[in-house]
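The values are calculated or read from the model by the stated rules, or taken from the named source; none is laboratory data. Not measured: the values here are computed from a predicted model. So basically every Cβ, Gly included, is an ideal-geometry build from the backbone, and we count neighbours across all protein chains shown. Just so you know, the surface numbers come from the protein's heavy atoms only, side chains and all, with ligands and any DNA or RNA stripped out. Shrake-Rupley method; radii C 1.70, N 1.55, O 1.52, S 1.80 Å.
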Amino acid sequence: MNKIPSLTYSNVLKLLILSFIPATFFVREIANFLLILLLLISIFYLLRGKYTLYDSDKYLLSFLLLFTSFIIISSIIHSTPLHEIDNYTRPLLLFPIYLLMKQFKITLDDLKYAIYLSVLLGSALFIAHVFTGNLDLRFAGSSSVVLTYGNMLMTLALYLLVIYNYQKRYLHKILLTFFVLLSLYLVFYTGTRGALVGLFFCLPFIILFNKKSKIFIFSILIISSALITTTPISDRIYLLFESVRTIDFNNIENSTDDNVSENERLYYFKFSLNQIEKYMYLGIGAQNFKKEITNKIARDKINITNHDHAHNEYLDIFVKYGVFVFSSFLLVFIYILVIFLRNKTVFAHLGVITVISGFGYMMTQSLFAHHQAIIFLVFMTYIFMSQLNDRKI
């Protein structure tokens, strides 16, 4: 029989770290409170010198400082308001929490049950929306942006697919399968097609990590295909194929109800590439993006909604801040990916899934444009990095 851990200071801190995950999927204000609390505690630990920096940590910190410095320099040049760049400082700002995480041993069971609770709380929100009649066509959960909630839920499902390979007892495998399917059902009810991009990016790695569970992986994919037909995402996938068939990529016309998402993204992509060609080194400035796209829409006399980001992280960073910021952004995430790939533990595998899925989501969403999206990505990345063994690269 497992002993209940004593309520020591160490256990309380570990509980706070793990509680951030389910809080994110239930009430984001609680998650933000926990994040601030953890940041204050981590700064206290930092001031007392209670931390250890591996060689890889020093390199990562250097790359984060480089990325943040380039962002600040670009913002000074363009006279960019602070609120436009605050999300870009999150990876550096949360680095002390990463150092705090390294002080605690987080087990796979700890993480698994935190994910289970997250899916249950997300399900509770879904049920509450159904019974109160507040469920729109797409389920947004605790997020202000439906894409964010769908992507985060898909990340949980991907984690569970990796963890399945480490389950020994048959009952645990059944329980985990249930939560995988439940999380995927919620993903599909968000109608977020970008989450499927993250899934496709990660599938080769999941199959590689789960060599003994290939039948399970393919079974989940088959069942998921059936679930898709019962949720809003099926209509959105159909609209995607219709849009691809009808949109003239060389002559973008007015958005309609059937092609609004694809039409906007294609228009924004072409606009961003054009601006990158003109302002490759310094970008156009974050605060100028919406103004410039609005002016172009007006000149073209076309029905396209104006936004303050490019619906694609890579284009968004490049067009706003230029090649130096973009290169340092890639450097940070590629370096983190290398750290995970050079380790063979389950936490390294989960870290790979975090980064690769993030690369996929960034194809259709500007994560740095949304606080909750980028915080979740960075927080989960730091959890998995904190649990790796000594790294000398």
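Can you tally the net charge around Asn151? Count Lys and Arg as +1, Asp and Glu as -1, for every other residue whose Cβ sits under 15 Å from the Cβ of Asn151. Let's see the in-between values first.
On the way: positive: Arg28, Arg138, Arg193, Arg236; negative: Glu313.
Computed value for this residue: +3.
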* Asked: Which value in Å does the Kirkwood hydrodynamic radius of region 281-393 take, with 1/r averaged over all unlike C-alpha pairs and then inverted?
  -> 15.7
* Asked: What whole-number value in Å² describes the accessible area per residue of the chain for a 1.4 Å probe?
  -> 46
* Considering Cα pairs under 8 angstrom that are at least six residues apart, work out the relative contact order of region 139-190 and quote it in whole percent. => 50
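Using a 1.4 Å probe and counting only protein heavy atoms, arrange Lys270, Lys102 so the residue with the most accessible area comes first.
On the way: Lys270 85, Lys102 40 Å².
Output order, biggest surface exposure first: Lys270, Lys102.
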* Asked: Hey, what's the Cα Rg ratio for region 1-134 versus the globular rule of thumb, 2.2 N^0.38 Å?
  -> 1.31
* **Selection from Val355, Tyr281, Phe104, by position along the positive dipole direction of the chain (Cβ)** => Phe104
* Structure fact -> For region 9-61, whose charge dipole is built from +1 on Lys and Arg Cβ atoms and -1 on Asp and Glu Cβ atoms, the candidate among Tyr51, Ile21, Asn32 with its Cα farthest towards the positive end is Tyr51
* Asked: In a shell of Cβ-Cβ distance under 13 Å around Met101, excluding Met101 itself, what net charge do Lys and Arg (+1) and Asp and Glu (-1) give?
  -> +2
* **Computed magnitude of the charge dipole of region 290-393 (debye, nearest 20; Cβ of K, R +1, Cβ of D, E -1)** => 120
* Structure fact -> Rounded to the nearest 10 Å², the accessible area of Leu208 using a 1.4 Å probe with every protein chain kept is 90
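Would you calculate, for the chain, the mean residue ellipticity at 222 nm contributed by helices, counting each DSSP H stretch of 4 or more residues as -39,500 (n - 2.57) and dividing by all residues, to the nearest 500?
Values: 17 runs with 271 residues, N = 393.
Dividing the helical sum by the residues of the chain leaves -23000 deg cm²/dmol.
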* Nearest-10 value in Å² for the accessible area of Leu137, using the 1.4 Å probe -> 130
* To do: Compute the distribution of all C-alpha to C-alpha distances in region 270-335, in bins of 5 Å from 0, and list the percent of pairs in each, rounded to whole numbers.
  => 4, 19, 27, 23, 15, 7, 4, 2, 0
* Asked: Tell me, what is the percent relative contact order of region 278-332, built from C-alpha pairs under 8 Å that lie six or more residues apart?
  -> 51
* In sequence order, calculated HN-Hα J values of region 294-299 (Karplus, 6.51, -1.76, 1.60; Hz; x Gly/Pro) -> 5, 5, 5, 4, 5, 5
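Where the convex hull is taken over the Cα atoms of region 130-191, what is its projected area averaged over directions, in nm²? Don't skip to the end; give the middle numbers.
Values: hull surface 18.7 nm².
Averaged projected area of region 130-191's Cα convex hull equals 4.7 nm².
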* To do: Return the Cα extents of the chain along principal axes one, two and three, sorted largest first, each rounded to a whole Å.
  => 70, 50, 41
* How many angstrom separate the Cα center of region 182-240 from the Cα center of region 1-77? -> 31
